[in-house]
Amino acid sequence: MNFSLVIPCFNEAKNIPILINKYKKFLKDSNNELILVNNGSIDNTEKVLNKQKNKYWNYPEEKRLYAKKHYEKNKEKYKPTKRKYWIKNRKRDLVKNKLWRIENIEHLKSYKKEQAALINANTAKRRAMKLCATPGWTNLDLVKEFYLIAKEKTFQEGIDYEVDHMIPLQGENVCGFHCQNNLQVITAVENYSKGNKLIGKYTKLSPIL
């Protein structure tokens, strides 16, 4: 690096974007860095600097940690936007995910082989949960039908479908049954997004103590 340009800023909220644009115009091809320091400002200088830092940060790991911390702090604020984006782009993401799996099939095989013990443990845990949550009156033929429908829809539409428990088997405050009345066929992306959360009318359920 040839040099570092350090500029203290005092109540310069309006001028910082102008300064950065001029820096990019005249010095962007040089081997240098621009460092802006808030010098006790009482206007929005600090806020503007943070916004610009997030936009132009050159350190990916630090930027990732900053973004993660910011999201955790403002999670509720971003939930509606995240949900809207997911609904708008879910078909595209389904195709993208499927293409990625096809292109990285060898990597996935290698991962499954390396993590075989962990995968087997999780599979055994899931199987045990289903057995414990399967009441005696469950119609296993109807349950099987849900899995056949999911397989058929996956084949017909070229999109991965899965069988979901509307009331999760491993919910935070409630455990649903593994039975025909608690099953639905949804896309893998929808199932992944739902996780172990209660959705829709089931969100009002209270745990029995």
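Against the test of being of a type in the set (S, T, N, Q), under 28 Å from Lys98 (Cβ atoms) and surrounded by 14 or more Cβ atoms within 10 Å (Cβ to Cβ), the options Thr154, Thr134 yield a single qualifying residue, Thr154. Could you please let me know if Glu106 is under 27 Å from the mean Cα position of the chain (by Cα), at pLDDT 85 or above, outside any loop (DSSP other than H, G, I, E, B) and not basic (Lys, Arg)? So Glu106 passes the test.
Scanning region 30-44 for residues that are closer than 24 Å to Lys69 by Cβ and surrounded by 13 or more Cβ atoms within 10 Å (Cβ to Cβ), which turns out modelled with the lowest pLDDT?
To start, the set of residues in region 30-44 that are closer than 24 Å to Lys69 by Cβ comprises 33-38, 41, 44.
Subsequent filtering for residues that are surrounded by 13 or more Cβ atoms within 10 Å (Cβ to Cβ) retains 33-34, 36, 38, 41, 44.
On the way: Glu33: 78, Leu34: 81, Leu36: 86, Asn38: 88, Ser41: 87, Asn44: 89.
By that ranking, first place goes to Glu33.
Within region 87-109, residues that are of a type in the set (A, V, I, L, M, F, W, C) reach partners that are surrounded by 11 or more Cβ atoms within 10 Å (Cβ to Cβ) with beta carbons closer than 6 Å, at six or more positions or on different chains, in the pairs Leu94/Ile159; Leu94/Val189.
Does Lys47 meet the test of being over 17 Å from the mean Cα position of the chain (by Cα), surrounded by 11 or more Cβ atoms within 10 Å (Cβ to Cβ), over 30 Å from Asn2 (Cβ atoms) and free of Cβ contacts under 8 Å to residues at least 60 places away in the same chain?
On the way: over 17 Å from the mean Cα position of the chain (by Cα): yes; surrounded by 11 or more Cβ atoms within 10 Å (Cβ to Cβ): yes; over 30 Å from Asn2 (Cβ atoms): yes; free of Cβ contacts under 8 Å to residues at least 60 places away in the same chain: yes.
Here the answer is yes, as Lys47 does meet what is asked.
Residues in region 157-188 that are under 23 Å from Trp86 (Cα atoms), part of a helix (DSSP H, G or I) and not hydrophobic (A, V, I, L, M, F, W, C): 1 in all.
Being touching a residue at least 12 places away in the same chain (Cβ under 8 Å) and charged (D, E, K, R) is the filter; apply it to region 157-174 and report the residue that is surrounded by the fewest Cβ atoms within 10 Å (Cβ to Cβ). Filtering region 157-174 for residues that are touching a residue at least 12 places away in the same chain (Cβ under 8 Å) and charged (D, E, K, R), the one surrounded by the fewest Cβ atoms within 10 Å (Cβ to Cβ) comes out as Glu172.
Scanning region 1-29 for residues that are surrounded by 13 or more Cβ atoms within 10 Å (Cβ to Cβ) and among the small types (Gly, Ala, Ser) returns a single hit, Ala13.
The values are calculated or read from the model by the stated rules, or taken from the named source; none is laboratory data. Note that the structure is predicted; figures quoted are calculated from it, not measured. Note that each Cβ is placed from the backbone with ideal geometry, even for glycine, and that neighbours are counted across all protein chains shown.
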